[in-house]
Amino acid sequence: MNYYSTEHKSPSVSLRDAVVKGLAPDRGLYMPEQIHEIPKAFFNNMAEMPLQDIAYVVANTLFGDDIDSETLKNIVKETLNFDIPLKKVEGNKYVLELFHGPTLAFKDVGARFMARLLGHFNNTDKGKEVNVLVATSGDTGSAVANGFLGVPGVRVFVLYPKGKVSPIQEAQFTTLGNNITALEVSGTFDDCQSLVKGAFLDRELNDHMMLTSANSINIARFLPQMFYYFYAYAQLAAMGEPLDNIVVAVPSGNFGNITSALIGKKMGLPIKRFIAANNRNDIFYQYLLSGKYEPKASIATIANAMDVGAPSNFARILDLYGNSHEMIKSEISGATYTDDEISRTLAETYSRTGYLLDPHGAVAYRSLLDGLKPDEIGIALETAHPAKFKDTVENIIGEKITVPKKLAAFTHGVKSTVKLSPTMACFKKFLLSQ
């Protein structure tokens, strides 16, 4: 299958080129030329299927034209060597726990899949070294760094805003060494993302080194995230829940997560509607109200991984719905919450049910509390383990929380970063020296 640019000013490319290039030459994001529907019989049998089998069927529908079956099965198996359980919190409300991977965040799924897919292409082509650029507001950097750690022929450069990620998040990508380099940028996430995009469009840099991105702008990073939406549906089916009124609330920052779900819906996944849950960075919420997309400078919040003022994947949502504001509103509603509202939701949910959310999951869960109808089944995505935001969560609930051993292990490493100003000239000079 070929992939086209959302700007429609560049030629379509193969899956390999879409993955390796990351961003189209016209600054557009790649989208599949066709979205195939999965046969209905698959959904009738999902309740008995394990995660890896479900993910393979979805992956084969997406990538089967370009990757042989055995290779794709191995990529899926190696990617998903952990569970993604759906847990009931209260009444008609569930959470999908996406934090059981190696870095305890949902981005482990897309990052691990992309690392293995890129490694496959690199081995097949016997190409020159690939340099992965990734901007992070928190969890992306750790997931990508750990997903690509030690992959032959690949170097990773993680750009992150100084002082704007949690200490544990920072430790997960600044202490690894090997083929991972952390770049500490004295700016915002949007500055980091702008530097990455600028690098892709700089001819001198691209002549000097092969560049690609592992942010959700990359087709291989965001599409595999739909695996767990299908698995959540399968788990509801296995529980005997009604399946005709499912609502999924997604903590929304750069919008790769919800975009993958929307493509999954077009492939036949029977989700009734989605809620794009925002913190104070509510650009999408405002778009739903006005029909106007107006990016703004990001605002720092306690749900820091969602602190995005210019969400890249909004272009994919527009493209998917033919730029129709009405069609987008028919399948996606919005919600926006302050830090106080997020904190109160986290504390009250813990007190009432005993379930401990992280700040991002709390944003999604609050949107279910506010917007779920009695005849609907709601799923909130719990995108990271609450211990990744230990100080914030402990201050909110007034209790100490246990840090999982594999998360605590990251804090014992030695931090190593390269400090950069948020200017393209500085970033380019650094990359040219590599």
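Here, each number is a calculation from the coordinates, and none is a lab measurement. This is a predicted model, so every value here is computed, not measured. Virtual Cβ from ideal backbone geometry, glycine too; neighbours counted across all protein chains shown.
In table form, for the structure just shown:
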item: Lysine pairs meeting the criterion (Cα under 18 Å, 8 or more apart or interchain), as found in the range 290-434; result: 12
item: Cα→Cβ-extended label distance, 7 Å offset, between Lys329 and Asn45, nm; result: 4.2 nm
item: Nitroxide proxy distance, nm - points 7 Å out along Cα→Cβ at Ile401 and Glu70; result: 4.4 nm
item: Choice from Arg273, Arg316, Arg112 showing the highest fluctuation, given a GNM over the chain with Cα pairs closer than 10 Å; result: Arg273
item: Gain upon complete extension [Gln434, Asn123; 0.36 nm per residue less C-alpha separation]; result: 109.7 nm
item: Rounded, prolate or oblate (a/c below 1.5 giving rounded, otherwise prolate when a/b exceeds b/c) for the range 239-361 by Cα gyration tensor; result: oblate
item: Efficiency of FRET from Cβ geometry, Lys272 and Asn2, R₀ 25 Å, rounded to 0.05; result: 0.20
item: Built amide H within the under 5 Å cut-off of Tyr94, gap 5+; result: Val89, Gly378, Ile379, Ala380
item: Cβ-derived FRET efficiency at R0 35 Å, Thr338 paired with Lys9, nearest 0.05; result: 0.30
item: Euclidean distance between Cα centres, the range 194-253 to the range 70-111, Å; result: 13 Å
item: Net lengthening on full extension, Glu78/Leu369 (0.36 nm per residue, minus Cα-Cα); result: 101.2 nm
item: Whole-Hz ³J(HN,Hα) from phi, Karplus 6.51 cos²θ - 1.76 cosθ + 1.60, for the range 148-165, glycine and proline x; result: 9, 4, x, 5, x, x, 10, 10, 10, 10, 9, 9, 9, x, 4, x, 10, 10
item: Extended-chain gain in nm, criterion 0.36 nm per residue less alpha-carbon gap, Asp53 and Lys296; result: 83.3 nm
item: Mean Cα-pair separation over length for the range 95-154, i.e. relative contact order, pairs under 8 Å, 6 or more apart, %; result: 44 percent
item: Per-residue Cβ neighbour rank within 10 angstrom, fewest leading, Met114, Met209; result: Met209, Met114
item: Per-pair calculated FRET efficiency, R0 = 41 Å: Ser186 and His412 via Cβ, rounded to 0.05; result: 0.95
